[in-house]
Structures are given as structure tokens and as C-alpha cells.
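The values are calculated or read from the model by the stated rules, or taken from the named source; none is laboratory data. Just so it is clear, the structure is predicted and the values come from calculations on it, not from any experiment. Cβ: placed from backbone, ideal geometry, glycine included. Neighbour counts: every protein chain shown.
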Amino acid sequence: MTILLSLIVGLALFFVIGHAARIALRGLAPAHYKPTFRDMPLTASFGLAVILVYVVVAVLAPVIAPFGEGQVLGGQYLPWASPHYLGTDKLGRDMLTRLVYGARNTVGIAFATTALAFVVGSILGIWAALVGGLLDQWLSRFVDALMAIPALIFSLLLLTIFGTSVLTLILVIAAVDATRVYRLARSVAQGIVVMDYIEAARLRGEGMWRLIRREILPNAVAPLVAEFGLRFCFVFLSISALSFLGLGIKPPTADWGSMVRENATLITFGDITPLLPAGAIALLTVAVNFVVDWQLHRASGLKE
Amino acid sequence: MNEIWRFIGRRLLLGILTLFVISVVIFGATELLPGDLARELLGQSATEETLAQLREQLGLNDPAPVRYWNWLTGVLHGDFGVSMATKKPIVDLVGARLGNTLFLALYAAALAVPISLVLGILAALWRNSIFDRASNALALTSISFPEFFVAYILVLWLAQTGFFPSMVRITGSTTFGDRLYMTFLPALTLTLVVTAHMMRMTRAAIINLLASPYIEMARLKGMSPLRVVLRHAVPNALAPIINVVALNLAYLITGVVVVEVVFVYPGLGQLMVDAVTNRDIAVVQAIALIFASAYVLLNLIADVLSTITNPRLMHRR
Amino acid sequence: MEEQVLLTIKGLRIEGRSGDQWHEIVKGVDLTLHRGEVLGLIGESGAGKSTLGLAAMGFARDGCRISDGTIDFDGIDLRTAPEAVRRGLRGKRIAYVAQSAAASFNPAHKLIDQYCEAPVVHGVMSREKAEADAVELYRRMRLPNPEEIGFRYPHQVSGGQLQRAMTAMAMSCRPDLIVFDEPTTALDVTTQIEVLAAIRDIVRQFGTAAIYITHDLAVVAQMADRIKVLLRGDEVEEADTRSMLAAPREDYTKSLWAVRSFTRPEQPPASGTPVVSVRNVSAGYGVVDVLKDISFDIHARRTVAVVGESGSGKSTAARVITGLLPPRKGEVLFNGKPLPPSFKSRSREELRQCQMIYQMADTALNPKLTLRELIGRPAEMYLGLKGKALEARVRDLLSLIELEPDQFIDRLPGELSGGQKQRIGIARALAAEPSLIICDEVTSALDQIVQEGILRLLDRLQSELGLAYMFITHDLATVKSIADEVVVMEHGVVVERGAKTELFDHPHEPYTRLLLSSVPEMDPDWLTRLLAARGEHA
């Protein structure tokens, strides 16, 4: 019954937020971008609105949060009541506060990791596609071999060896993820490299750097941006999974994955508090996926 | 036909080569450490004595290629070494759990593959309908959920009401039926996560083909939409669909780890997480190798299958 | 011929969607077709002829909708009839033959399975009978090994044969009407003849009515009893074939006729050192030689057309000259001096001298760069122009290719028409101030009237700037209008070369004769005469 009720409330919220965001975006967008937002589906406007809220919460965390990040305030597992609107956790820290700080820590770390993976993977991928030959062969075979080990398993292996600190976590996940970005960037670039205009530029005698910068990158941006969204979702979920397993971001840093782990026992008593951080993860991933899906759909529509 | 056997032979060789490279990566990863593995494992406070003992135990005094060779020959003879944490042979730890994990993965696959193929084909058939849009949004949503979120929602919903157990206890006397009943929630969790992916990719593979001239031709021959999709689109989408299925079955392997932890399921994933926490490197290496082998095997099967279904490769000019 | 009306279309309007807006593709066209009659639909790209042809089957492509008018097929209103009724007609009483048979046969099934599908599903005949019937029709379509060919997969059969197999498939239920949508456009000229003859024979034998869609006037002259000319979704005029060919009424129709009238005046014979000299070149990919010991020269102020069908090696020859494919044997001389085989080892000056214009302007221009950068870059690189001087040069070049500089300089390629894009390709080549321009099928993706403009422009530039052209094409009409010398290639070998008039009037080699005689002519009796003449020789 509660499930059904929350489903209805959720759907209603989705429509309200989606519609409101769409109207706002259409109104506020500069004239040049207006057509972009005109036929935006509800899912996409909802996604954009949610992402915006997360960003604001992450940036303003200390202002929004009622208490300090690691502040122990007494009673454990307090119920939802003022001043602890979402109760307290195992150690008696304010749940709402930790949720707010989680936006900063979890999302921030995931974003940094994705960015790192992206820079490394896409530069290597485009380079390999452009140069071709032996370099491409060796690099691609090596990446293929690495990709034959499932991502989470490979991450676990590396974390065992290098230990679990935030820095190793970022480096390990970025390294594993860069292989996936490399694959995509290489195939996107390969699609561009066979175009006649690249042949024309080569025959003109253009250098490597100019070929990448002026001829390939401008045409690869759209698929790469969409891929960035997808990779972010993947990284975000991986880091959350690792934290949930106790191998990612460690307490006392407020992090959504480990918050679920710490408070999981409550679920067996029918208390949904531990699901809140899990829901926060899910909501952001849904939002990003919605926006990416819209972008991909637009890109494929424009091609025809 | 000779061409096909040659292709399969080549692909098999490539698979073995990949496995070899993977074993080097898995074993060699420890060499990436700037310092000493023993000190890294025991921490700065360790005494020289305990360090020496650990080095002896890990065989760190031999050069790396020798250690790799010993490890590899051991693995090929079914000997993965000894767990540092429990001092038991790794084979004994892994044995029963491997069966449990395979059971769970196959259970989930048996549910997910038919459901997602049917849903994917229906979504392609009724593309842009309400059904298509709703299932697409729903699929995107469930892809976005972390496995533990799905798992706990199911626990809250189905286990709280007492329909299904939220923890799995398997003993020697558990019957097959009981097993199916007890592992239903973990299997359902995996199914939900994987189905969405598989369905979306199946739909995309078919829709990709629907713009082809031969599909238009079939419609202009007066064929019904169902026949157009089943007889004209699906046979050509087999290769991508096979790859989609393989990719997602491989994904099950990863998903198993988190789900096993949530449901306290006695499988390899659970064991691996414990081993990572204890930094029991030999166990982690063994399990990583097992998972990676399963992954390579799946891809191998998918490649061979999609070759056999391609008339261009089967019937040369 | 019976004067019984089979198909009547009145006031037909069809809309296509781009984004969330609908625009008209077909703007109120009427059409009447009698039993056993062949109607030719002719027009350039965007005329709406394919859309109209499909509408005759009560079919609109995804993203299109029939918005107004009536389509009456033998007493059945195809617009209001339920989808099930329309489906029952398609493939059974109205059949379709597509442009590319290679893409329109399902790669996963054998030809005979695809042949039998319509008769069996529509309940016309049993599978056994359909198979026997297929062999009979394959024989009538003059396919080799009619008993066996049906058991092959599409990729195992050549393009010309596939097109005939597709016509046979369309005939499988003995329909009343067949829509032919450019069935020979993708074929080489020598193959085209066989397909045209086979289609014409079978349509006559069964007394089938047909709508024959094409952009090629000479082809439609052979096939159609009546011709309807379309322009941007409107009917221009309609008349029976002979009277339309003899006396077109409308200006647009006359301009279509006039397209091939442009001819370059005779040039004085070439002398001096050739700009480019290809000497005994053999080249290829992997172990296969695509070019076998070819030689030819190109002189300044002259146009050498390299002619051949697909697979003849004409584009490979261009890749050898540009240095993309270093030859195995032989060499390329530039003004008498040997060029380094690979473009990577050529100097900037050597690269500048030889420029290229591509067939598909869409893929030859980076879609993210403005015309300013596209055209300006070679001038900046090779001639060191910067700032004001560079801008002035780009403007000059735009004027030279007859585009208004103020209006075009900051546009992206996506904002141009096909012909304008091709002009930008020319301007980019000119910006390097080269002595040789290689034109690779530069007009084959364009409509005939646009082709004419491009050819005239290239001709004018040649006389003004003294350029040498290497003109790669499969289209002999283009060769006739622009070439001074012709090099005929087949299977990687130069079959014959010589001055244009000499070669066209007195071809020596059998292949050259076959190629020249296969080019359709406007005369409606041309195909009949040609087949008769060839029949005598055979």
C-alpha cells in the first residue's frame, strides 16, 4: 500500500517538476537556444531540474545543512522529528545533514573521477584513431585485454593492492573507466577520420595537432558529451557500490553508499531511512540518464 | 564450412591469449606497488620478523617471473594457493561458493533473457507508442538504480510482508525447490537491473534495422508488422542481440557481488568482498581470475554464435 | 491496349515532417493510369516522384502523411480503406521494385524464400508452385542458372542480376501494377541495358501497368508510353512519350532537354611538358593489383577524362597521383620531375600544386567550419596570407565561384545547397593556386541543371587560370561536354586513350564501343534498335 502511494506521489512530483522546469527553461533560455528546449520531453526537463538542485545543494552544503558533517548529537536512530527531520544514524549524527554533505562528497568525487577518466581516455582514443597502424594496434589490444576483466572485479583487485583511500579510489576507478572512454573516443574518431575532409586536410599537409583540434574535435563533441553523462552515471554507481561494500569512501566522511551500509539494519524493522541516501543516488542517476537520452535522441534525429 | 572452423579456431586461440594476458595483469598488478607488498599489507608498525615471515609465505623472495610461473602452474592444476586470512586452501573456500554464484547468475539469466527479449521486440514493434515510451522511461529508471537500492526495496516490499526470506541459508539438505524459493529475491534483483539494459539494447538493435530498404520492401510486399519484425528484422538483428545478451550476462557477474552482500548469500562475491577487506591478496587474485574467465568465455560464445548466424560469413560467394 | 482505367489519383497532397513542422512534398497532383500502360515519372531530387509512386500503393514513408486527395485503385479507395485491405493489395496486386536491389533484398534469406513470401502469405499459390514459378520467371528475366540462382543469398549475386531477380519477385503474384523506383540508377551503363530490356519485355508479356520513376530522360524514353514531369511536388506537364520528346511545352521541360547541350569548344592540340605524367604505374591494396601498368599524360589548359565503370580503377589512379596510395611500380612525374610516392614525403609546394575536388561535397567539407576557414585555410597555409589580405582573398574566391561574399562568408556547409557545397569544394581547391585539379565524380551526386552550372564554372576557370583537369567519371554525357582527351579504363587497365572527338567517332577497342553504345539516347526507339543490332552480331 505504501509502495503504491509513494509511486503515485512520485509520479505526480515528476510531472509537476518536469512541467515547471520546462516552462522555466523555455522562458529563460537565450533566443538562440530556444529551439533546443522547445520540443524537450518531460523526462529531460525533469532531469535538468534535478541536476540543478543537486549542484546547488552540493555547493551550498554548509549553508543548507542544519548541523556539522561529523557532529554527534546524542541519541542513535532517532525517529523523524524536529530538530532531526530525518532522524539520526547509528552514531547519533543528523541524517539530513549527512545527506546534504553527501551531495558534495559523493557527487564531487564521482565527477572528478569521470573527468580524469575522460581526459585520459579520449585523448588516447583520438590519437590512436588518427595515427592508426602499430600504435593503434598495440594500444587497442592492451585496452581490450584490460576490458576483459569486469570493471568492478578489476577495481576490487586494484583496491586490495593499493589500499582504500579516496585518492586511490579516484585513480583506480578512473583508470578502469578510461579504457571504456578510450574505446568510444576511438570509434567516434575513426568514423570521422575516414571522411573526405580529413583526407583533404592531410593532403594539404596539416599537422597532427591541428587535425585533432580543428577537424576532429568539433565533430566529436556531441557524442563525447553524451558519453560523459553515461560514464558519470557508471562511475557514480561504481563508487556508491564500493562504498556500500565498505571499500570506497570511508567514515566519517558523509557518503551515500556507506550511509546505506551503516544503517541497513533499520530496513529489517521496516524503517525506510537507510533508503534515503540510496534514493538520492538513484534520483541523480535517473536525472542524468534522462538528459543524456534526450541528447542522444536529438543527435540521431538531426542526422537524418 | 572450413572457413567457419578456421574462424572458431582463431577465436579460441585469441580467447586463450586473452586469458593469458589477464592472468599476467592480475598477477602483475601487485608489481605496480612502489614499495614492498608485505609492508603495504601489514602497515608501517610491522616488525622485521613478521615482514620476513609474510614475504616467505607470499614467496616474495623469488623474482616475479618465477613466482608467476609457480602461480600459473598451480592454477592450471587446480591449486590457487592458501588464504592468508583463514590459512585454508583457496580451492576449498571457492568450491561450493562458485556453484552457488553460478546458480544465482543462471537463475537470474533464465528470468531476464526471455523477458527482456520479448519486451524489447514489443517495444520495437510498437515504437513511439505509450507502451514504448513508458517502458523506455521505466528501463532508464531501473538502470539508474544502484543494485542495493533495488534489493532493499524488494526486501522492504516482499520480505517484510513475509512472502520471501530476506537472507539465504543454504545447507546440504536444501532441495532444489527450496533453493529457487530462497534465492528468489536476489535473483529478482539481478533480473530487474539486467532486464532494463537488455531490453533497451534489443529494441535499439531492431529499430536500427527498421530504416533499412529491405524492411520497407517487406512492408510493400504487404507483410504484417509482426511478420516484418520477426521474419525480416530479427534474423538480421541476431548478432547484436547475442552480443547484448552476452554483455549483460557478463554484467551479472559484477552485479552478483553487491547482491550477495545484501542477501548474505554464500557465493564468490561475498567471499571476494571479505578478502578485499582483509587484503587477502591470493584469494582476490583467484576470484578475479575466475570471474574474468567466465567473462572471456561468454564473449567467446557470443562471437562464435553471431558468426554462425551471419549468412555473409556462412555462405561465401 | 485496353482503355480501362486502373488507377486514379486526384488532388493528392503529401506532407513530410522535419522537427515538429510539416511541409508539403507533393502539392496536389492528379494521375490516371490505364491497364497495361507504362507511365514515366520524371524529375530531379526533391520533385516528390518516389513519394508519389509509393502513394500509388497507399503507402507513406515514416515521417510522411497523405493529407489530402483521393487514390482510387480499381474501385478501392486506398486512403480510406482499412490497413488490412491495403496490406492485402500490396505485393499481390500492386508491387514495388526498389532502387538498390542489394539493399532491398533481406540479407538473411535466400532469394527464392523472398520470392515465395508474397504468393504464399497472400494465398495466391502454394510454396511448391511458387518455387516452380520463380524458376520460370528467372528464366524469362534471362538470369543465368535460373534453377539454381534462387538458392543463393543476395550477397552471392551481382547487382544487375539482383535487380532482375527483384523484378521477378514483384511479378510473383502477377500484379496489375508495378511501381519501379529508379531501378537502374545504381547500375553501370553496360549492365543497365540488360536490366532495361528484361524489365520492358516482362511488363509487355504480362500486360502489367507500371509507374516508372527516374531522373534520366533517355531511360524513361525507352520505357514509358506517357511521361509526367514533376518539379518540387507539382506537375509541370504530361504527354505521350513521343510528342513530349519532339515538342516539350513548358520552359522547365525544355531546360531538362537542354542540359546536355553544353560542349566545350575544341582546344588546340597539347604540346610541351605535361603537368602530370603517369608512367607505367601498378598499384593496389594487399596482394591485389587494382592498377596494372597504366600510363597517361595531362597537359596544362586541358581536361583529361578518365572513364570507366565501377571497379575499373579510375579512383585508384587519382589516389596514386595525390600520393595517398604509393605505387608498386612506375612513377608519377610533375612538370617532368618525379614526385615522391607518398604525400607524407612531398614538400608543401608539391602538395599545393595538385588539389582535389570530391564527389560528395557533404563529406568533403568539415561541417563545423565556416566557409571563411574552409576556403581561407589553404591560402593561409600555402601562400602565407593573413588578416585583411586573407579575407580579401576569400571574398575574391567566393565571387569567382559566383557566390555573394557578404552573404556566404560566415555560413556553415550545412546551410548550403548541394550545388553550392560543390562550388565551395572548387573554391577550396583554387585557394591553393594549383596547376592540376583532380575532379572525382564531382557532378554525379547533383541534379542535371546544377551539373550544368558546375561544368560551365569549371570550364570558365580553366580558361581564365590555365588549369589542368583530371576528370574522373562514369558518365559519358559529362565526358562529351567537358573533356579534351579521354582515357578509357577497364579492370585496372587503360583500354584506349585519345582525343575526345577521335575516340567518340572512331572507337578502336570493343570495350570502348560497348561502353559508348550503352549510353541511352533520347530516341524512344534506341533500345529496340540497339538490341536488334547486338542480336545480329551475337
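Observations
- All positions within region C:153-175 that are buried (at least 19 other Cβ atoms within 10 Å of the Cβ) and farther than 20 Å from C:VAL203 by Cα: C:TYR153, C:PRO154, C:VAL157
- Qualifying residue in region C:2-13 (condition: buried (at least 23 other Cβ atoms within 10 Å of the Cβ) and without any contact (Cβ under 8 Å) to a residue 60 or more places away in the chain): yes
- Those strands (runs of 3 or more DSSP E) lying entirely in region C:208-314 with at least 3 residues out of contact with any Cys (no Cβ under 8 Å at 6 or more places or on another chain) and farther than 19 Å from C:ILE482 by Cβ: C:209-214, C:226-231, C:234-240, C:276-285, C:288-298
- The residue of region C:257-306 that is surrounded by the fewest Cβ atoms within 10 Å (Cβ to Cβ), among those that are among the aliphatic types (A, V, I, L, M) and without any contact (Cβ under 8 Å) to a residue 60 or more places away in the chain, is C:VAL287.
- Taking region A:82-99 as the range and being surrounded by fewer than 18 Cβ atoms within 10 Å (Cβ to Cβ) and closer than 20 Å to A:GLY279 by Cβ as the test, the residues that pass are A:TYR85, A:LEU86, A:LYS90.
- B:ASP92 passes every criterion in (1) of a type outside the set (A, V, I, L, M, F, W, C); (2) more than 21 Å from the chain's Cα centre (by Cα); (3) in a helix (DSSP H, G or I); (4) within 13 Å of chain A (Cβ to nearest Cβ) apart from (4).
- Among (1) free of Cβ contacts under 8 Å to residues at least 40 places away in the same chain; (2) touching a Pro at 6+ places or on another chain (Cβ under 9 Å) - the single one B:PHE164 does not satisfy: (2)
- B:THR277 being at negative phi, facing another protein chain (nearest Cβ under 9 Å), touching a residue at least 12 places away in the same chain (Cβ under 8 Å) and surrounded by fewer than 18 Cβ atoms within 10 Å (Cβ to Cβ): no
- Search result, residues across region C:131-175 that are outside any helix (DSSP H, G or I) and of a type outside the set (A, V, I, L, M, F, W, C): C:ARG142, C:PRO144, C:ASN145, C:GLY150, C:ARG152, C:TYR153, C:SER158, C:SER172, C:ARG174, C:PRO175
- Counting only helices (runs of 4 or more DSSP H) that sit wholly inside region C:345-417, those with at least 2 residues that are more than 14 Å from chain A (Cβ to nearest Cβ) and surrounded by fewer than 20 Cβ atoms within 10 Å (Cβ to Cβ) are C:387-400, C:405-408.
- Options C:LEU333, C:LEU324; residue that is surrounded by fewer than 17 Cβ atoms within 10 Å (Cβ to Cβ), under 20 Å from C:GLY466 (Cα atoms), in contact (Cβ under 8 Å) with a residue 12 or more places away in the chain and among the aliphatic types (A, V, I, L, M): C:LEU333
- Flag for B:LEU249 being within 29 Å of B:ARG200 (Cα to Cα), of a type outside the set (Val, Ile, Thr) and surrounded by fewer than 24 Cβ atoms within 10 Å (Cβ to Cβ): yes
- Some residue of region C:50-63 being under 26 Å from C:GLN114 (Cβ atoms) and among the acidic types (Asp, Glu): yes
- Selection from region A:247-286 of residues that are more than 10 Å from chain B (Cβ to nearest Cβ), assigned to a helix (DSSP H, G or I) and β-branched (Val, Ile, Thr): A:THR265
- Residue in region A:139-152 that is touching a residue at least 60 places away in the same chain (Cβ under 8 Å) and under 23 Å from the mean Cα position of the chain (by Cα) present: yes
- Taking the listed residues B:LEU42, B:LEU32, B:LEU58, the one that is surrounded by 11 or more Cβ atoms within 10 Å (Cβ to Cβ), under 21 Å from B:ALA288 (Cβ atoms) and either within 14 Å of chain A (Cβ to nearest Cβ) or modelled with pLDDT under 80 (or both) is B:LEU58, with no other qualifying.
- Boolean, B:LEU247 is within 14 Å of chain C (Cβ to nearest Cβ) and hydrophobic (A, V, I, L, M, F, W, C): no
- When each of B:ARG127, B:ARG169 is tested for being part of a loop (DSSP other than H, G, I, E, B), closer than 17 Å to B:ALA204 by Cβ and not β-branched (Val, Ile, Thr), the lone residue that passes is B:ARG127.
- Residue in region B:212-239 that is farthest from C:SER104 (Cα to Cα), counting only those that are among the basic types (Lys, Arg) and assigned to a helix (DSSP H, G or I): B:ARG227
- Residue under evaluation B:LEU209, criteria (1) within 8 Å of another protein chain (Cβ to nearest Cβ); (2) over 24 Å from the mean Cα position of the chain (by Cα); (3) crowded, with 18+ Cβ neighbours inside 10 Å, criterion not met: (1)
- Helices (runs of 4 or more DSSP H) (entirely within region A:93-196) containing at least 1 residues that are over 30 Å from A:PRO79 (Cα atoms) and of a type in the set (S, T, N, Q): A:108-131, A:133-147, A:151-162, A:166-193
- The test for being buried (at least 24 other Cβ atoms within 10 Å of the Cβ) and on the phi < 0 side of the Ramachandran plot holds for B:VAL258.
- Test result for B:THR254, hydroxyl-bearing (Ser, Thr, Tyr), more than 10 Å from every other protein chain (Cβ to nearest Cβ) and either under 23 Å from B:THR30 (Cα atoms) or assigned to a helix (DSSP H, G or I) (or both): no
- Options C:ALA445, C:ALA477: the member that is within 25 Å of C:ALA197 (Cβ to Cβ) and modelled with pLDDT under 85: C:ALA477
Yes or no, residue by residue, for (1) part of a helix (DSSP H, G or I); (2) within 14 Å of another protein chain (Cβ to nearest Cβ):
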site	(1), (2)
B:ASP79	no, no
B:ARG97	yes, no
B:LEU102	yes, no
B:ILE115	yes, no
B:LEU119	yes, no
B:ALA139	yes, yes
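- Helices (runs of 4 or more DSSP H) contained in region C:61-130 and holding at least 3 residues buried (at least 16 other Cβ atoms within 10 Å of the Cβ) and more than 9 Å from every other protein chain (Cβ to nearest Cβ): C:111-121
- Selected residue (criterion: modelled with the highest pLDDT) from residues of region A:11-53 that are under 20 Å from A:ILE281 (Cβ atoms) and aromatic (Phe, Trp, Tyr): A:PHE46
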